[in-house]
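Have a look at the structure below, then the notes.
Rule-based calculations on the coordinates, nothing more; no lab input. In this text the structure is predicted, and so the values were computed from the model without any measurement. Every residue, glycine among them, receives a Cβ derived from its backbone with ideal geometry; neighbour counts consider all protein chains shown.
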Amino acid sequence: MKILVINCGSSSLKFQLIDSESEQVICKGLCERIGIDGSRIVYTPEGKDKITVETPMPDHNKAIELVIEALTNKENGVVSLDEIGAVGHRIVHGGEKFTKSVVIDDEVIKAIEDVSDLAPLHNPANLIGIKACQKAMPGVPMVAVFDTAFHQTMPENAYLYGLHYSYYEKYGIRRYGFHGTSHSYVSKRAAEILGKDINDLKIIVCHLGNGASVSAVKNGKCIDTSMGLTPLEGLIMGTRTGDIDPSVVEFIMKKENLSVAEVNNVLNKKSGVFGLSNELSSDFRDLEEGYLNGNEGAKRAVDTFAYRVVKYIGAYTAAMGGVDAICFTAGVGENSGFTRKIIIDGLGFIGASLNEEANTVRGKEEIISNPDSKVTLMVVPTNEELAIARDTYALCK
Ligand code: ADP
């Protein structure tokens, strides 16, 4: 079966067509600037060069039309429309309602709408993507795969904040966690690589990309994760603060005379390693270069980022009563041996011993610890699209 995977944002839409048997990507691409001037679709059919079409895309319906046209056109198309057996949608927030992927029906759409105030930027865009696909491909089954679902196994003591309990009861304010598809995929893959039963393992997954989060996976179940009600909490990220004292928000608002929207923009877009490096960059390639060239801001940003990761690893080792494997994934985790080394240098307390030669690996599965290391250190590239395609196939075959 050919599965179309859709990741719909407010002005962008990423897609991949995946063959469920071979698990090969048949075509992947991106619609950019939906509803904005200068929109375009960029896609790469398997074995061909990248194709870019600049064309007006007033809304997501048009974007989906263009995706289907790209997949099926005579010249570069890779399938006929009736070959697309199912569509898997990445949904950011499933609240407490969704603990696993589900086939989409009216009730599911309503439930996703109901939790939209927990992810006001993401869930409405995800819903638009679902509705546009339903319109363009009537009768094709669709599946919702939630970023939050894997974390729903967290115990109450991990997901509650120290707030008045009524806020949880009234509004569902609690830790939900994100990147769940990635944490689930990587922890399972790590167990496979190690040839061990995931039910006997304590794994810490460090998903270090532009957005970054850590999770503690004990016996195959997530027991804690660093992102919270929203993806702002936890690690220092590309441009997001991660954990700060909540009082800082009011303090900055008063000092700089900022509105709620403006301070939110500061916390989400002007902070993280970008802000710490005095706006040198949010990209770890630039920061690594700066660090090696003696740029103080770059050093400050990367060292502070790494320290926060080490702290979470320490906390989650305590939470699980030990750790067998630590996995690095996503853009930075998979590609930056430099940043991995700075983190791992802080892990002597659990007997982590880095194999520096193995640590030169980029974007490939690799064990990067020495044989005598007390904890196995691993690079495990994530593949959220494949995980979505697998769930979709499992529910629709
Ligand atoms: P997201 O999906 O959250 O946008 P990714 O997981 O794609 O992020 O990670 C993107 C980040 O990965 C980039 O901003 C960059 O910092 C980092 N990155 C990618 N390649 C490299 C590399 N070769 N060396 C260091 N960092 C890299």
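Just a few scattered comments:
- For the range 105-162, convex hull of alpha carbons as volume per residue, Å³: 99 Å³
- Volume per residue for the range 306-397 equals 115 cubic angstrom (convex hull of Cα atoms).
- Listed peptides 206-214, 380-388, 74-82, 301-309 by packing density, highest first (mean Cβ within 10 Å): 206-214, 380-388, 301-309, 74-82
- Descending semi-axes in whole angstrom, ellipsoid equivalent of the chain, from the Cα gyration tensor: 33, 25, 23
- Averaging 1/r over each pair of different alpha-carbon atoms in the range 183-236 and inverting the result gives 11.5 Å, the Kirkwood hydrodynamic radius.
- Peptide ranges 310-323, 240-253 listed from the most packed, as the mean C-beta count within 10 angstrom indicates: 310-323, 240-253
- Expected 222 nm ellipticity per residue - DSSP helices of 4 or more, -39500 (n - 2.57), all of the chain, to 500: -11000 deg cm²/dmol
- Sparsely packed loop sites in the range 136-202 (the chymotrypsin sites (Phe, Trp or Tyr not before Pro) outside DSSP H, G, I, E and B with at most 14 other Cβ atoms within 10 Å) comprise Tyr161.
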